[in-house]
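The values are calculated or read from the model by the stated rules, or taken from the named source; none is laboratory data. The shown structure was predicted, so the numbers you read here are calculated from the model rather than taken from an experiment. When we count neighbours, we look across all protein chains shown, and the Cβ atoms used for this are built from the backbone with ideal geometry, even at glycine.
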Amino acid sequence: MGGLAEPIVDHETEKLDMATRSRGVNRRGLKRWVRRGIVVAAVLALIPVVLTFLYLPFFVHPVSTLMLKDLATFSGYDRRWVSIDDVSPVLANSVIMSEDGQFCFHRGVDLGELRGVVDDALAGEATRGASTIT
């Protein structure tokens, strides 16, 4: 028809261009995921630091489940926070002994119990919790 010629298309060059473009897109996508992973890891690493600073002020007192129950049932509670210096050493030692009778002898880590937990875990048996004091 009126002198229009078909364009010359080099299919090999076209395939190479598409492969190069798709590699570039894949690399950009990979870089984006790596950046996101780094941001998520940084946020997760900073959470304990931020929470630590939130608990540092002198006016922050931890709330126990007993206190929450009293508040939820509108019973109120009659408790006062006291300094650790005002607590009798006998009471502190009694609490420690009720939790772990051997605490004063092993200074925080009972190696015999730790060995037992590791042996149980390696044998596939159920493991148990650790001291809440240490």
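Table for the structure above
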quantity: Residues of segment 106-130 satisfying the condition of being in a helix (DSSP H, G or I) and of a type in the set (K, R); calculated: R115
quantity: Matching option when the condition is under 30 Å from H61 (Cα atoms) and either surrounded by 10 or more Cβ atoms within 10 Å (Cβ to Cβ) or at pLDDT 90 or above (or both), among G129, G108; calculated: G108
quantity: Residue that is under 24 Å from G129 (Cβ atoms) and either in the same structural domain as T127 (by TED's automatic domain parsing) or not small (G, A, S) (or both), where the choices are I38, I47; calculated: I47
quantity: Single residue of segment 52-89 satisfying the filter (at pLDDT 80 or above and of a type in the set (D, E)) that is surrounded by the fewest Cβ atoms within 10 Å (Cβ to Cβ); calculated: D85
quantity: Long-range neighbours under 6 Å by Cβ, at least six apart or interchain, first residue free of Cβ contacts under 8 Å to residues at least 12 places away in the same chain within segment 70-81, second surrounded by 10 or more Cβ atoms within 10 Å (Cβ to Cβ) and part of a loop (DSSP other than H, G, I, E, B); calculated: D70/Y77
quantity: Boolean, V40 is without any contact (Cβ under 8 Å) to a residue 24 or more places away in the chain and outside any helix (DSSP H, G or I); calculated: no
quantity: Near pairs, Cβ below 9 angstrom, 6+ apart or cross-chain, from segment 84-98 (within 19 Å of G108 (Cα to Cα)) to any residue that is surrounded by 10 or more Cβ atoms within 10 Å (Cβ to Cβ) and not aliphatic (A, V, I, L, M); calculated: N93/C104; I96/F103; I96/C104; M97/F103; M97/C104
